[in-house]
Amino acid sequence: MSTYVFGDIQGCFREMMCLIEKVDFDCEVDNLWFVGDLVNRGPDNLETLRFIMDLDDSTICVLGNHDLHFLAVATGSHKPARHDTIGDLLAAPDLGEIIEWMRHQPLLHFDKTRNLVLVHAGLHPQWNIEYAQKRANEVEQILRGPNYAHFLKKMYGNKPARWRDDLNGMKRLRVITNYFTRLRYCKKNGRLELNHKTNVAPKAYKPWFKHNREKQQGLKIVFGHWASLQGKVDVEGLYALDTGCVWGRKLTILRLDDMQKFTCPALRDYT
C-alpha cells in the first residue's frame, strides 16, 4: 500500500491520469492526497473532480485558493474572474453535490504517524502544528455551516496582513484563509505580502519557509500553490509540488513512502 500526493492539478485531467498510470495506482489499496487547486485554469475540471470524488475514503484533499474561488462563484457569492475556466463545473447537473463535497474538505491535514502536514500554500512561520490545526478548524467549521456563502463573499482581500489573537469576525477568518491558501512571502512575524508570485522576494520579505521556524522543527510539510518554485525548495522536510502544469510545464506526484517524485509533462498547449 502506498500514499501519493498530487501537486496543483487545476483541471489538467489528462496529466493526472498519466501519472496515475505511471505509478500504477490501485484504488483498492493505495491512497491519493491532493494539495489543493483541483480546479480552474485547466480544461477538464468536471472530469477531475468526479474522478477524485469517486475515490471516497482513499483520498484526502485540502482546499486551495482556486477551489475556494470556485465555491464563491458557484454559490453566487462572487463574480467569475476573466481567466476562469470553470464553466464545465457551473453547468454540471450535479453542481450541488460538487459544492457540498468541496466545502467539506479541510484547509489542513496532519498525519501524526508521519509527522507530516498537507496544506495548499504554507504555514505561518511562528505557528506550531496544534495552533495551525485550531486556526484551520475555525474556517472549516464556517465552510461546513449554514453561513458559508457569507464567508465566501467576504473572504477576498489582503487585509489584515498579519495575524493577531484578538482579531474577530471576517478579519480573523480572512487572514487565516490567506495563510493556508495564498501564502508565499511574509516577514518573521507573519506579515503577508500577497502580490508577488515569482521567486524573487520583495524588499524586507522572505519566502515563508526561509524564516526561523523553531515551532515547526521536525515537521514535514507538503504544499503546492507556488508554481514559479518549479518544485525546488532547499529546506529539509519541505516538499513543493506545484510544477506549473497549467502553465505548460509539468504535473508532479510525490510518493510518501520514499519521498520520490514522478512527473508528467503538459500534454497540450495551455498558453
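Any read-out appearing in this document is the output of simple, stated calculations on the displayed coordinates, not a laboratory observation. All figures in this text were calculated on a predicted structure; none of them were measured in a lab. Don't worry about glycine lacking a Cβ; one is built from the backbone with ideal geometry, like all the others, and counts go over all protein chains shown.
Top mean-square fluctuation among 258, 166, 234, Gaussian network model of the chain, C-alpha springs under 10 Å? Judging by the Gaussian network model, the answer is 166. Look at 16, 1 and count the other Cβ atoms within 10 Å of each Cβ; fewest to most, that gives 1, 16. Counting only DSSP beta bridges with both residues in the chain, the antiparallel share comes to about 55 percent. Just to be sure I follow the definition: excluding the sites themselves, where is the longest run in the chain that has none of the GluC sites (Glu not before Pro) in a DSSP loop with at most 11 other Cβ atoms within 10 Å? After excluding every exposed loop site, the longest remaining stretch is 29-235. When only alpha carbons are used to place a centre, the range 62-78 and the range 177-191 end up 20 Å from one another. Result for the chain in a Gaussian network model with C-alpha springs under 10 Å: among 61, 18, 245, the largest mean-square fluctuation is at 18. With the charge dipole of the chain set up from +1 on Lys and Arg Cβ and -1 on Asp and Glu Cβ about the Cα centre, the Cα lying farthest toward the positive end among the listed residues 121, 199, 34 is that of 199.
Taking the centroid of alpha carbons for each part, the range 82-113 and the range 194-237 are 25 Å apart. In the chain, taking the dipole from charged Cβ atoms about the Cα centre, the farthest positive-side position among 139, 93, 158 is held by 158. Using the rule -39500 (n - 2.57) for each DSSP H run of four or more residues, divided by the residues of the chain, the 222 nm mean residue ellipticity is -8500 deg cm²/dmol. Among the lysines, which fall within straight-line cross-link reach of residue 232, defined as a Cα-Cα distance under 18 Å, with same-chain neighbours fewer than 8 residues apart omitted? Within the straight-line limit of under 18 Å, residue 232 reaches these lysines: 197, 206, 210, 220, 250, 261. Would you mind classifying the range 197-271 by shape? Square roots of the alpha carbon gyration tensor eigenvalues, ordered a ≥ b ≥ c; an a/c under 1.5 is rounded, otherwise it is prolate if a/b is larger than b/c and oblate if not. The shape class here is oblate. Taking every DSSP beta bridge that has both ends in the range 1-160, the antiparallel portion is near 35%.
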